[in-house]
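**Q** My structure is below; once you've seen it, I'll send some questions.
The values are calculated or read from the model by the stated rules, or taken from the named source; none is laboratory data. Just so we're clear, the structure is a prediction, and the values are computed from it rather than from any experiment. FYI the Cβ positions are ideal-geometry reconstructions off the backbone, even for glycines, and counts take in every protein chain you see.
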Amino acid sequence: MDIKEKIKLFPHSPGVYRYYDAEGNVIYVGKAKDLHKRVAQYFVPAERLTRKTAVMVSKIADAEYTVVESEADALLLENNLIKQFKPRYNILLKDSKTYPWICVSAEEFPRVFLTRRMVRDGSRYFGPYSSVVHARNLVEFFHSIYPLRTCRHKITSDVILRGKIRPCLNFHIKKCRGCCIGGISQKEYNENIEEIVSLLRGGGRDIIQHYKVQMQEAAASMDFEQALVFKEKMQSLEQHYSKSVIVNSTVGDVDVFSLVMDASEAFGNFMRIRGGAVVQSMNMGFRLMIEEAQEVVLGTFIGEIRSKFGILSREVVVPFKPDIEIDNVEFRVPVRGDKLALLELSARNAKEMRFNALKQQEHADPDAYRNTVMESLQKQLAMPVLPVHIECFDNSNIQGTNPVSACVVFRNAVPSKKDYRHFKVKTVVGANDYATMKEAVNRRYSRMLQENPEDLPLLIVIDGGKGQLSFAYEALAELGIIDKVTLVALAERMEEVYRVGDPYPMFIDRNSPALKVLQHIRDEAHRFGITFHRKLRSKAQVESALNGIKGVGPKTEQRLIMHFGSVARIAAAPQEEIAALVGPALAERILAHLNKV
């Protein structure tokens, strides 16, 4: 049966669909609230699909589906099938490393330790933790306030009675109560363990309040030593939580998801809030093999977290609604207040992960990094092509003196210094920044059209605001090339990006590689223009200072400046030293001219 005829038979039910290539390999797995409608969206004219999706559809030879009871079941089944088949075109986890868990072992006297392996022996596991440092600090904190054992002995009541184990150093330095020799009862020891479990689940505030009550009761009964023990534990917990990320305790128990997407990858952060504190945070990266809507990627991220943690909170804070619905879970998009602050905190974590990933890519694979940067810039500016050739203009003058313009060129997101150009302003009188910009742009591209028209840039960046942008637009329009390039302005004060005809600046994330490359080329243009302007100004100052002295021509002026370095040093030099270069009579005239009152 033809594939298009086959998908017409797909039911209007929630489920999971699978696409196969001609060799029978699974190339894509997807979930749907309505299988029939979702799958039909792929089999439309190719021009209505994105490029990568069209390539995938061209390879589909067969399709199958599995009907499930709900979207939540579809989400879990999709997640499992992706891990089983590893389809070529699915969203893939970028980082497959095993994250650490905190284990509370299933023993009469449980141990608390870090592990990367989960064993189904009744032990309780908390995590995973994306930061092993944070997990290790938590374990060390527990051992600092609770007398936990660290040995691997199998300690039972029978072993204690037989006296087969000798206490270790931790017992003698009072870090362990010596459960191996009956120094602490199983009931008391496990009360400490349950407090640790409560802390791991986010119940720290309740335990602090419990210790406070116990401290007050011990003090009231004149048991000051025990009151001091409770006070020290309470202070230790308060100090620990003061270092944690605290939010308003009225927020309740919520899970938070955020997502940052680039052209071919996405970065997500998950945070779990319990008892007014962030008790868990995990970053996750995804590689997008075909173009996916942000709602789909967020749904995949939520599914991955759900497969790791089992259940989500009843309230889940998200930046936008995902493409899934889960029973007893409400997805909330906050617009103000503490939950919005939580979402922004989560987003900062996701952006930091993206930034670090780009930095690692820059060192490991510079070509791939530059391509990622250009893809980000293309997406942010809605350009039809990749901006492999960018040029930026900047003006320099001080109170209208020596006005100049600079043009710097980036190819493949890196400076191409051999293509940099300076422009001495010829037609503009005074400090007219707008007209100066128009002259520089006009001269640059009128000459390029004559000499090398195929080398026109794909993106032109103007250092300035809407005024400079308008005059640059006029120059390009007069040359007839405005439709061949993308033109933007970058205003330095607020790092705002403007396009012609739009009174409002574009929103570009301040941490995005797109804005970083725009800032880089703007700063490079500014540096290049200022350097040239200073050179001209310095030359003009020298010429004005030595100009009019009889006998001082260009060669004499050059000889003096090369020897002394500046006009001020010439004026302060002994007459004999100057005379050695230009003769006694001229040396006398030079000093008289420079030092006249």
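**Q** Taking I326, is it under 30 Å from R48 (Cβ atoms) and either at pLDDT 80 or above or in a strand (DSSP E or B) (or both)? Outline the logic, then answer.
**A** Working: under 30 Å from R48 (Cβ atoms): no; either at pLDDT 80 or above or in a strand (DSSP E or B) (or both): yes.
Taking the combined requirement at face value, the residue does not satisfy it.
**Q** Moving on. Just for segment 398-424: of the residues that are touching a His at 6+ places or on another chain (Cβ under 7 Å) and closer than 17 Å to G464 by Cα, which one is modelled with the highest pLDDT?
**A** In the first step, residues of segment 398-424 are kept if they are touching a His at 6+ places or on another chain (Cβ under 7 Å); the result is 402, 404, 406, 411.
Restricting the remaining residues to those that are closer than 17 Å to G464 by Cα gives 404, 406.
Details: V404: 78, A406: 86.
Checked segment 398-424; the qualifying residue modelled with the highest pLDDT is A406.
**Q** Additional query: Only one of these conditions is not met by Y445: (1) over 30 Å from A350 (Cα atoms); (2) assigned to a loop (DSSP other than H, G, I, E, B). Which number is it?
**A** The one condition Y445 does not meet is (2).
**Q** Report yes if some residue within segment 232-247 is modelled with pLDDT of 75 or more, under 28 Å from the mean Cα position of the chain (by Cα), of a type outside the set (D, E, K, R) and closer than 28 Å to A135 by Cβ; otherwise report no.
**A** No, the conditions are met nowhere in segment 232-247.
**Q** In addition: Looking at the structure I just gave you, is V296 modelled with pLDDT of 80 or more, in a strand (DSSP E or B) and either of a type outside the set (K, R) or assigned by TED's automatic domain parsing to the domain that holds Y42 (or both)? Walk me through how you get there before you give the answer.
**A** Working: modelled with pLDDT of 80 or more: yes; in a strand (DSSP E or B): no; either of a type outside the set (K, R) or assigned by TED's automatic domain parsing to the domain that holds Y42 (or both): yes.
In short, no.
**Q** Something else: When the residues of segment 475-534 are filtered to those that are within 20 Å of D394 (Cβ to Cβ) and among the polar types (S, T, N, Q), which remaining residue is farthest from the chain's Cα centre (by Cα)?
**A** Residue satisfying both the conditions and the ranking: T531.
**Q** Considering segment 9-44 alone, what residues qualify as being part of a loop (DSSP other than H, G, I, E, B), aromatic (F, W, Y) and within 17 Å of V296 (Cα to Cα)?
**A** Y42
**Q** Could you run through segment 448-475 and say how many residues are out of contact with any helix residue (DSSP H, G or I) (no Cβ under 7 Å at 6 or more places or on another chain), in a helix (DSSP H, G or I) and of a type in the set (A, V, I, L, M)?
**A** Residues that pass the stated criteria total 1.
**Q** Of the conditions (1) surrounded by fewer than 14 Cβ atoms within 10 Å (Cβ to Cβ); (2) under 31 Å from the mean Cα position of the chain (by Cα), P45 satisfies every one except a single condition; which number is it?
**A** With (1) surrounded by fewer than 14 Cβ atoms within 10 Å (Cβ to Cβ); (2) under 31 Å from the mean Cα position of the chain (by Cα) applied to P45, the lone miss is (2).
**Q** Continuing with the same structure: Look at segment 303-352 and say how many of its residues are touching a Gly at 6+ places or on another chain (Cβ under 8 Å) and either on the phi > 0 side of the Ramachandran plot or surrounded by fewer than 17 Cβ atoms within 10 Å (Cβ to Cβ) (or both).
**A** Number satisfying all stated conditions: 0.
**Q** Then there's this: Across segment 56-75, what is the number of residues that are surrounded by 14 or more Cβ atoms within 10 Å (Cβ to Cβ), assigned to a helix (DSSP H, G or I) and over 28 Å from the mean Cα position of the chain (by Cα)?
**A** 6
**Q** While we're looking at this one, here's another question. Assess whether R88 counts as being in contact with a strand residue (DSSP E or B) (Cβ under 6 Å, 6 or more places away or on another chain), farther than 30 Å from S144 by Cβ and outside any strand (DSSP E or B).
**A** In short, yes.
**Q** Scanning segment 26-40 for residues that are without any contact (Cβ under 8 Å) to a residue 60 or more places away in the chain, surrounded by fewer than 19 Cβ atoms within 10 Å (Cβ to Cβ) and touching a helix residue (DSSP H, G or I) at 6+ places or on another chain (Cβ under 8 Å), which turns out nearest to E71 (Cα to Cα)?
**A** Among those that are without any contact (Cβ under 8 Å) to a residue 60 or more places away in the chain, surrounded by fewer than 19 Cβ atoms within 10 Å (Cβ to Cβ) and touching a helix residue (DSSP H, G or I) at 6+ places or on another chain (Cβ under 8 Å), it is H36.
**Q** Right, next: Hey, among the residues in segment 453-474 that are closer than 18 Å to V409 by Cβ and surrounded by 21 or more Cβ atoms within 10 Å (Cβ to Cβ), which one's farthest from the chain's Cα centre (by Cα)?
**A** A472
**Q** Just to check your reading of the model, which residue among Q541, Q575, Q558 is on the phi < 0 side of the Ramachandran plot, at pLDDT 80 or above and of a type in the set (S, T, N, Q)?
**A** Details: Q541 fails: at pLDDT 80 or above; Q558 fails: at pLDDT 80 or above.
Only one candidate qualifies: Q575.
**Q** Residue check, R111 against (1) modelled with pLDDT under 85; (2) crowded, with 16+ Cβ neighbours inside 10 Å, all met but one. Which one?
**A** (1) is the only condition that R111 fails.
**Q** Here's another thing I want to ask about it. I'd like to check which helices (runs of 4 or more DSSP H) are fully inside segment 152-222 and have at least 1 residues that are more than 30 Å from V254 (Cα to Cα) and touching a residue at least 24 places away in the same chain (Cβ under 8 Å).
**A** Of the helices (runs of 4 or more DSSP H) lying wholly inside segment 152-222, those with at least 1 residues that are more than 30 Å from V254 (Cα to Cα) and touching a residue at least 24 places away in the same chain (Cβ under 8 Å) span 157-162, 186-200.
**Q** Okay, moving on. Being surrounded by fewer than 11 Cβ atoms within 10 Å (Cβ to Cβ) and of a type in the set (A, V, I, L, M, F, W, C) is the filter here; which residues of segment 1-22 pass it?
**A** Across segment 1-22, the qualifying residues are M1, L9, A22.
**Q** Going by the conditions given, is L49 touching a helix residue (DSSP H, G or I) at 6+ places or on another chain (Cβ under 7 Å) and at pLDDT below 85?
**A** On the way: touching a helix residue (DSSP H, G or I) at 6+ places or on another chain (Cβ under 7 Å): yes; at pLDDT below 85: yes.
The answer is yes for L49.
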